[in-house]
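Accompanying notes for the structure given below.
The values are calculated or read from the model by the stated rules, or taken from the named source; none is laboratory data. Being a predicted model, the structure only gives us computed values, none of them experimental. Cβ atoms come from the backbone with ideal geometry, glycine included; neighbour counts cover every protein chain shown.
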Amino acid sequence: MLAFLPAPLRGAIAALLLMANTIFWCTPLFALAVVRLALPQRARPALDSLLNAVATAWVAGNSGWMRLTQAMQWDTQGIARLDAKGWYIVLCNHQSWADIFVLQHVFNRRIPMLKFFLKRELIFVPVIGLAWWALDFPFMRRHSDEVLRKDPHKRLDDIEATRRACARFARVPTSVMNFVEGTRFTRRKHAAQRSPFRHLLRPKAGGLAMALGALGRQFDSVVDVTIVYPDGVPGFWAFLCGRAPRVIVRAERLPIPTELAAVDPAADPMQRKRVQHWLAGRWQRKDALIGALLPGGHAAA
């Protein structure tokens, strides 16, 4: 444990270990991805399992440097009865880049590898963008509302990308991760949205509706995750420096409502509204839970 070192030095060590771990595991990851491209479609599931195994080891390596450089206290509930061989949709509030490391640390080997919906621009991030591509993370164009008003057909870009990704997810057990707020929480964004929630941005139903429409009956359940940093939300550098002494994670496994499963939002215009209504109810509960878990709140049930 290196928690006795000054925070900037710990941050530098953590950053070096993160880079070394990433380069080490991305080497076999890229090699397997190239081999997979050369295989016929029916032979690819075996490579998918190997790619996911490499990614699982990569995440375990990240957990290793986190334990080495940080004295973080983990308060987790609701993760004990999950199945590493199931199919899940995972929803979570989003506050920091640290959220990704928290989710991967908590759920690694408890559920299948988390696959995130990503902005298409992130595929150009050096090394890591190619790793996300190799692991079949879905890249979304995320057209602005103004662009969609001018050309509604561009909405089909994301629908088709989601369908292709979900077809690949059907080959091996997968956890589809969706930050349904679409961006990280800040007070400025909260005010600009006039969000009805105290601690959350408005959830967006589009990505979830498309995933449910494409693969809804294959998912076992929804895992609704709430992350709280009771000592303040850390930026990425602050997280590497160990300036997030405590993190609280609450997970709730939920059945997928029958009326939301396997309904194509492109064919049924009301589907997105049904998913939005369901999400709004979940976000009300999450907002209350965050308020209870923050300092000065009441203990969570």
Pairs with Cβ under 9 Å, 6+ apart, first in the stretch 48-77 and part of a helix (DSSP H, G or I), second surrounded by fewer than 20 Cβ atoms within 10 Å (Cβ to Cβ) and of a type in the set (Gly, Ala, Ser): Leu51/Ala33; Gly61/Ala20; Trp65/Ala20; Thr69/Ala3
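Can you find a residue that is closer than 17 Å to Ala3 by Cα, at pLDDT 95 or above and over 16 Å from the mean Cα position of the chain (by Cα) anywhere in the stretch 248-259?
Just the residues of the stretch 248-259 that are closer than 17 Å to Ala3 by Cα, to begin with: none.
The answer is no, given that none of the residues of the stretch 248-259 is closer than 17 Å to Ala3 by Cα, at pLDDT 95 or above and over 16 Å from the mean Cα position of the chain (by Cα).
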Number of positions in the stretch 60-81 that are under 20 Å from the mean Cα position of the chain (by Cα) and among the hydroxyl-bearing types (Ser, Thr, Tyr): 2
Residues of the stretch 96-107 that turn out to be within 22 Å of Pro203 (Cα to Cα) and either among the charged types (D, E, K, R) or out of contact with any strand residue (DSSP E or B) (no Cβ under 7 Å at 6 or more places or on another chain) (or both), as a count: 6
Close pairs from the stretch 1-17: first over 17 Å from Phe236 (Cα atoms), partner not in a helix (DSSP H, G or I), Cβ under 8 Å, at least 6 apart: Met1/Ala71; Ala3/Gln70; Ala3/Ala71; Ala3/Gly242
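Any residue that is part of a loop (DSSP other than H, G, I, E, B), within 22 Å of Ser195 (Cβ to Cβ) and touching a residue at least 40 places away in the same chain (Cβ under 8 Å) - is there at least one of those in the stretch 261-280?
The initial filter retains those residues of the stretch 261-280 that are part of a loop (DSSP other than H, G, I, E, B), namely 261-269.
Going one step further and asking which of them are within 22 Å of Ser195 (Cβ to Cβ), we end up with none.
No: the stretch 261-280 contains no residue that is part of a loop (DSSP other than H, G, I, E, B), within 22 Å of Ser195 (Cβ to Cβ) and touching a residue at least 40 places away in the same chain (Cβ under 8 Å).
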